[in-house]
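Report on the structure given below.
Please treat every number below as a calculation from the coordinates, not as lab data. The shown structure was predicted, so the numbers you read here are calculated from the model rather than taken from an experiment. Note that each Cβ is placed from the backbone with ideal geometry, even for glycine, and that neighbours are counted across all protein chains shown.
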Amino acid sequence: MNWLLLFLLVSAAEIGLFVWIGGMIGPWWVVLLIFLTGFLGITLAKKEGLVTWRRAQQSIQYGKVPTKEILDGICIFIGGVFLFTPGFLTDITGFLLVIPYTRSFLKVFVMHIIKKLMDNNTIYIHRK
């Protein structure tokens, strides 16, 4: 799917959700929820990022390549970006990518996307 089309669809869905939920609970509550989920999400992403960084350092100290930790870091980074973006759909996706229990299920999907990008030469990994 074209990334621009996906971006437009997600943006339209987010605006629709803002209007719909704002009609149910009020616009100021929606604004409060946006700030609250953003703050909680960024705090959680920072915590999980530091935990993953420490695990990567330990792997390197033991002479292992931290591939699992790198993939976790990519998921946490993407999740943090989604959490920083205002919207309920992006917040849900961001929390799913940051929380360790749900991240483990989504890592397979993220790895599939990375592999597809590598196969299409969209991203290139230099190997010695």
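Worth pointing out:
- Cut-off 9 Å between beta-carbons: net charge of the residues surrounding Ser59, Lys and Arg +1, Asp and Glu -1: +2
- Neighbour-count order for Leu96, Leu50, fewest beta carbons within 10 angstrom listed first: Leu50, Leu96
- Estimated [θ] at 222 nm from DSSP helical runs (n ≥ 4, -39500 (n - 2.57)) normalised by residues in the chain, nearest 500: -29000 deg cm²/dmol
- For the chain, the Cβ-based charge dipole about the Cα centre amounts to some 680 debye (Lys, Arg positive; Asp, Glu negative; other atoms uncharged).
- In terms of overall dimensions, the C-alpha atoms belonging to segment 33-128 reach 47, 34, 20 Å along their principal axes, ordered largest to smallest.
- Taking a straight Cα-Cα cut-off under 30 Å and skipping sequence neighbours fewer than 8 places away in the same chain, the lysines within cross-link reach of Lys47 are Lys64, Lys68, Lys107, Lys115, Lys116.
- Projecting the Cα atoms of Val51, Thr67, Gly79 onto the charge dipole of segment 33-128 (Cβ charges, centred on the Cα centre) puts Thr67 farthest toward the positive pole.
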